[in-house]
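All remarks here apply to the structure that follows.
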Amino acid sequence: MKVLGILLLMILIAAAAVGYVVYVPFGPNAETFVDIAPGTGTPAMAVQLEKSGVIRNRYGFDLLHVFLRGKLKAGEYRFDHAVPMAEVYHRIVRGDIYVVALKIPEGYNIFDIAQAVAAAGLGSRDDFLAAEREHTELLAWLPQADVKPQSLEGYLFPDTYHFSRHTSAVQMLAAMVRRFRQVSTQLGMSGDVERTVIMASLVEKEVNQDSERPLVAGVFVNRLAHGMPLATDPTVIYAALLDGRWRGTIYASDLQSSSPYNTYKHAGLPPGPICNPGVASLRAAISPATTDYLYFVSDAAGHSRFSTDLKQHSKQVQAYREAQKQRVR
């Protein structure tokens, strides 16, 4: 009887010890990352967690796995406060890995996105740009793509993405292109998709008010129909960016550039998109407004003034310049 009592006491002590190890919170009080490589076994994972100060005891983790039999997932995990070991275990079973939010606003071009990737600590700017040029096969689904695209510009949909720090540049690009396909399908985009995206990219860069985007798209359609150069500054800026000579403002030499993106020198649309447009600009390019407008210019309030002839447009431009002078004073 005495032996049975001792045995029962030992069992209770062991159970209490296990309960303490598994359920009493333990862990770091500062940000700690644990990067579990693919193929890591449970014992090695337990050792790694123990050495990082995330769990109290490796053997408790092994014992927990014996009973729960969860499928533990590799990846980088972030811990910053004490929690029960069971919570650590369930996080790894869920694959609740550490991710970085990457926000891509409407109108970002590939250079802007590459800089955002670098700023988020997800890779180098140059590596991202190189991957973008090397993996245009991500656009193999484009209809009427007789000529292989030279860039993914225009098809990296503006959104907030969540990537782990192990995500490659190609995987990030693929996610952005995949999101573009989803949105373009929802919008019912068909026909010459490339032409639509080029037009949308021009609209995105030329106007800030969503209500004015169809009107601007209509101006571009009318100018193309009349054989007039689009004469839009954002394409000149993009040409300078591609050539590595953008200096923060447009110079006379930029307007004389022979780049096919210079819409002052070359009639028709540029050879590709100049940024990555959002939904409002894509809708405007799909359904441009039907008007007689051939010109537009910004006003001092950030809206656009539209004109049907050059004389009226010149007056609008002069009014804009006068308003700018008043603001400087």
## Note on the structure
Of the residues in the range 80-137, those that are touching a residue at least 24 places away in the same chain (Cβ under 8 Å) and among the polar types (S, T, N, Q) come to ASN109
### Message
Condition check: surrounded by fewer than 20 Cβ atoms within 10 Å (Cβ to Cβ) and farther than 25 Å from ASN222 by Cβ. Does ARG247 satisfy that?
### Response
yes
### Message
Criterion first (on the phi > 0 side of the Ramachandran plot, outside any helix (DSSP H, G or I), in contact with an Asp or Glu (Cβ under 6 Å, 6 or more places away or on another chain) and not assigned by TED's automatic domain parsing to the domain that holds ILE36) does GLY107 satisfy it?
### Response
yes
### Task
Please work out which one of (1) within 17 Å of TYR108 (Cβ to Cβ); (2) out of contact with any Cys (no Cβ under 8 Å at 6 or more places or on another chain); (3) surrounded by 15 or more Cβ atoms within 10 Å (Cβ to Cβ) is the condition GLU204 fails and give its number.
(2)
### Query
Only one of (1) in the same structural domain as GLY53 (by TED's automatic domain parsing); (2) farther than 30 Å from VAL54 by Cβ; (3) of a type in the set (Phe, Trp, Tyr) fails for TYR89. Which number is that?
(2)
### Task
Please find, among LEU241, LEU269, the residue that is part of a helix (DSSP H, G or I) and of a type in the set (A, V, I, L, M, F, W, C).
LEU241
### Message
Against the condition among the polar types (S, T, N, Q), closer than 24 Å to GLU153 by Cβ, in contact (Cβ under 8 Å) with a residue 40 or more places away in the chain and surrounded by 14 or more Cβ atoms within 10 Å (Cβ to Cβ), how does ASN276 come out, does it pass?
### Response
yes
### Task
State all residues of the range 109-153 that are buried (at least 20 other Cβ atoms within 10 Å of the Cβ) and within 20 Å of SER281 (Cα to Cα); if no residue qualifies, say none.
ASN109, ILE110, ILE113, LEU152, GLU153
#### Entry: Verdict on PRO158 being outside any strand (DSSP E or B), farther than 19 Å from ALA284 by Cβ and assigned by TED's automatic domain parsing to the domain that holds ASP112
no
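Yes or no, residue by residue, for (1) within 15 Å of VAL88 (Cα to Cα); (2) of a type in the set (D, E, K, R); (3) surrounded by fewer than 16 Cβ atoms within 10 Å (Cβ to Cβ); (4) at pLDDT 95 or above:
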site	(1), (2), (3), (4)
LEU4	no, no, yes, no
LEU7	no, no, yes, no
TYR23	yes, no, yes, no
GLY27	yes, no, no, no
LEU49	yes, no, no, yes
LEU64	yes, no, no, no
### Task
Could you tell me which numbered condition TYR77 fails, if it satisfies all but one of (1) over 13 Å from PHE33 (Cα atoms); (2) touching a helix residue (DSSP H, G or I) at 6+ places or on another chain (Cβ under 9 Å)?
(1)
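The values are calculated or read from the model by the stated rules, or taken from the named source; none is laboratory data. All values reported here derive from a predicted model rather than from experimental measurement. When we count neighbours, we look across all protein chains shown, and the Cβ atoms used for this are built from the backbone with ideal geometry, even at glycine.
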